[in-house]
Each structure stands twice: as C-alpha cells, then as structure tokens.
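These notes concern the structure reproduced below.
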Amino acid sequence: MDTLNPLAVVTGASSGIGYELAKQFAAHGFDLIIAAEDDALDVAAAALTAQGGRAQAVRTDLTTREGVEKLLRAVTATRRPVAAAALNAGVGRGGPFLETDLADELEIIDLNVTSTVHLAKGLLPGMVEDGEGRVLITSSIASTMPGSFQAVYNASKSFLQSFAQALQNELKDTGVTVTSLMPGPTETEFFERAGMLDTKVGRSEKDDPAQVAAQGFEAMMAGRDKVVAGSWKTRAQGLAGRVLPDSVKAHVHRGMAAPASGTDG
Ligand SMILES: NC(=O)c1ccc[n+]([C@@H]2O[C@H](COP(=O)([O-])OP(=O)(O)OC[C@H]3O[C@@H](n4cnc5c(N)ncnc54)[C@H](OP(=O)(O)O)[C@@H]3O)[C@@H](O)[C@H]2O)c1
C-alpha cells in the first residue's frame, strides 16, 4: 500500500459494526489494516477492495498478547503513520454467572479489555508524536448499566467507557482524540455468538450496523468524547441510563437478558 492516503486500523472488521466502520474509512479515502481471527476477514478485505478501498488483512487472535503484537508489527511494517484506529473487536456471553464457562468470561476480558489497552499502548505514542490522530473505541450502551445475566460483558464495556473518556482528557492538548462509540442492540452476529438468541434483547428489533458505524465515524472525525449511536430508541435508552439508579437498570437488564426471556413459556 504505497499511497498518500491516510492509514486506519480497524479490529473486528470481518463482520457487523467493524466491517461497516471499515467501509466508512474506505469511503472517506483511508487505506486500511483490518484485523479479525477467522477467514471471513479475507472475504471482507476483498469486498472492501472491490468497493474501491485498499485493505490489508491481518488474521490474528487478539485474545493473546502475541496476537496483538502480530497486528502491531503489521502496522509498523507499513512505515506509515496511523491516522485513525477503531478498536472494535469484542465478544459477549449471556447466562447466569454461576453457570457460564470461566474460559468464556476470561475471553471477554482478554479481547474487550486487555487487547484494547494493549493496542492503545502500541498505537497512541506514534499519533501523539505526529500531533494528530483519531481513535474510536467500541464501548456500548451496556457500559452504563449493570448487566444481569451478562455481568462480565457489561463490566468490560464500563471499563472501556472509563478508559476512553480518561484518555480523551489526558490527550486533550496533543491533537489526538479518543471517542467512545456506544451502540445499543445492533443487528450483527453478536447475540448468536453470545448464546443469547432466546433472550428478549436477542429477539428484539435491532439497529442497523451501517447507521451505527456512520454515526461513530462522524463523531470520531469530529473528535467528540462519546456517541450513543443507532435509532432514536437507543438514544432514548442512553438518556434514561443517565438518570436511573443502578439497581433499576440491573432489573431492566435482567428482563432483557435473562435466559429464555424472549420465549413465550
Ligand atoms: N451488536 C450489538 O448489539 C452491540 C452493541 C454494543 C456494542 N457492540 C460491540 O460492537 C463490537 C463489534 O461487535 P458486533 O456487534 O459487530 O459483532 P460481530 O459481528 O460478532 O463482530 C465481532 C468482530 O470481532 C472479531 N473477533 C472476535 N473474537 C476475536 C478474536 N479473538 N481475535 C480477533 N478478532 C475477534 C470477529 O472476528 P472473527 O469472526 O474472526 O472472530 C468480528 O470481526 C464489539 O466490541 C461489541 O461488544 C455490539
């Protein structure tokens, strides 16, 4: 990729919100390094290229430190400044905490939390040195509520929310901005992967990932600290989350995420 286009890194770009973010970057003239684990990433890279973008795929398991280092090495190997990074890869796991697998819960922390911190540590110094850069961290509206029956996932997003806001403030005089993207329930592979298709939220009508990504991209480019992205319903949920007590939000979350909450029986 030997061009004068700005370079963006997008994790979790093989599907859902990450793929739509990658499309946004490509449509706005960025070259891309996209990362995910499975071979669907190569399909995504080919589709982005067919749409006129330039995408280099790095298949890597971001739950491991070596996997994160592999992505950072690929970025360094371009010898190009990173203009923007969307740290978006993430997974969830629904179910009663006493019954979920510990390995699944630790995977959430390794991917959502640890890899995001590791990548930020690797990418931000170069951006600050260049005096410019845009970072978008995919948090969630879930970051604002205790996640009964999704306890570790919501906590991981609360971590990201706090982390993004803290970095945004720390870096305020550097030319680098850090934006938190807060989607509500969005039509992606997330709920199937999280084993939540029998829940009320899993069965509910969801937001369009393309709309979420477009709003996230716009907020990131504007250097905003955060954006609740998606439909008016999600944005109303975001407003309600500001005033309701945690105990009420946990109860509401129980109604949406408890196993079989979406079935008739
Ligand atoms: N969908 C929602 O309702 C919603 C709401 C709020 C926030 N979010 C957040 O949005 C982000 C994107 O999720 P999505 O909804 O778009 O779901 P998705 O379609 O399942 O996308 C998840 C992405 O993360 C990648 N990924 C998963 N495990 C990985 C690993 N070990 N190493 C590298 N990449 C990995 C996946 O690639 P592989 O398939 O190759 O593993 C995929 O590209 C996540 O952070 C999620 O928490 C989603």
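Only the Cβ atoms of Lys and Arg (+1) and of Asp and Glu (-1) were treated as charged; on that basis the dipole of the stretch 43-154 about its Cα centre amounts to roughly 580 debye.
Using only alpha carbon pairs under 8 Å that are at least six residues apart, calculate the relative contact order of the stretch 99-194 and give it in whole percent. Don't jump to the answer; show the numbers that get you there.
Numbers: 102 pairs, mean separation 32.0, N = 96.
Contact order relative to length: 33 percent.
Proximity of backbone amide H atoms, modeled 1.01 Å from N, is registered between ARG54 and LEU32 at under 5 Å, excluding neighbours fewer than 5 places apart on the same chain.
In order along the stretch 153-167, the Karplus-derived 3J(HN,Hα) couplings, from 6.51 cos²θ - 1.76 cosθ + 1.60 at θ = phi - 60°, round to 4, 4, 5, 5, 6, 5, 4, 4, 4, 5, 4, 5, 5, 5, 5 Hz, and Gly and Pro are given as x.
Which of the pairs LYS70/LYS172; LYS121/LYS226; LYS200/LYS226; LYS121/LYS206; LYS121/LYS172 have their Cα atoms more than 23 Å apart in this structure? With Cα atoms farther than 23 Å apart: LYS70/LYS172; LYS200/LYS226; LYS121/LYS206.
Based on C-alpha pairs under 8 angstrom that are at least 6 apart in sequence, the stretch 1-153 has a relative contact order of 24 percent.
Farthest towards the positive end of the charge dipole of the stretch 79-133, among the residues ASN88, ILE109, GLY122, is the Cα of GLY122, using unit charges on the Cβ of Lys, Arg, Asp and Glu. Projecting the Cα positions of THR199, SER139, ALA214 onto the charge dipole of the stretch 118-265 (unit charges on Cβ atoms of Lys, Arg, Asp and Glu, taken about the Cα centre) puts THR199 furthest along the positive direction.
Taking the C-alpha atoms only, the angle from helix 40-50 to the longest principal axis of the chain is near 50 degrees. Karplus-based coupling profile of the stretch 230-235, in residue order and whole Hz: x, 6, 4, 4, 5, 5, with θ = phi - 60° in 6.51 cos²θ - 1.76 cosθ + 1.60 and x standing for Gly or Pro. For the stretch 9-24, 3J(HN,Hα) computed residue by residue from phi via the Karplus equation (6.51, -1.76, 1.60; θ = phi - 60°) reads 10, 10, 9, x, 8, 7, 7, x, 5, x, 5, 5, 5, 4, 5, 4 Hz, glycine and proline entered as x. Under 5 Å from the amide H of ASP207 lie the amide H atoms of THR186, GLU187, each residue being 5 or more positions distant or on a separate chain, with H modelled from the backbone and absent for Pro and chain starts.
Charge dipole of the chain (Cα centre as origin; +1 on each Lys and Arg Cβ, -1 on each Asp and Glu Cβ, all else neutral): 700 debye, rounded to the nearest 20. Normalised by the number of residues in the chain, the mean separation of alpha-carbon contacts (under 8 Å, six or more apart) gives a relative contact order of 19 percent. Taking other C-beta atoms within 10 Å as the exposure proxy, LYS70, LYS157 rank LYS70, LYS157 from fewest upward. Scanning residues 5 or more positions from THR179 or on other chains, those with amide H under 5 Å from its amide H are VAL135, LEU136, ILE137, with H placed 1.01 Å from N in the peptide plane.
Test of understanding: given the chain, find the longest segment containing no GluC sites (Glu not before Pro) that are in a DSSP loop and have at most 10 other Cβ atoms within 10 Å.
Details: sites that count: GLU99, GLU205.
My reading of the result: 100-204 is the longest stretch.
Ranking MET182, TYR19, ALA46 by how far each Cα lies toward the positive end of the dipole of the chain (charges on Cβ) leaves MET182 at the top.
The stretch 212-265 to the stretch 1-72: how many Å between their Cα centroids? Each part reduced to its Cα centre gives a spacing of 26 Å.
Charged side chains reduced to their Cβ positions (Lys and Arg at +1, Asp and Glu at -1) give the stretch 1-60 a dipole of some 160 debye around its Cα centre.
Taken along its principal axes, the alpha carbon cloud of the chain reaches lengths of 58, 39, 32 Å, longest axis first.
Quick note: the coordinates plus some simple rules give every number you see, no bench work behind them. Quantities reported herein were computed from a predicted structural model and do not represent experimental measurements. Note that each Cβ is placed from the backbone with ideal geometry, even for glycine, and that neighbours are counted across all protein chains shown.
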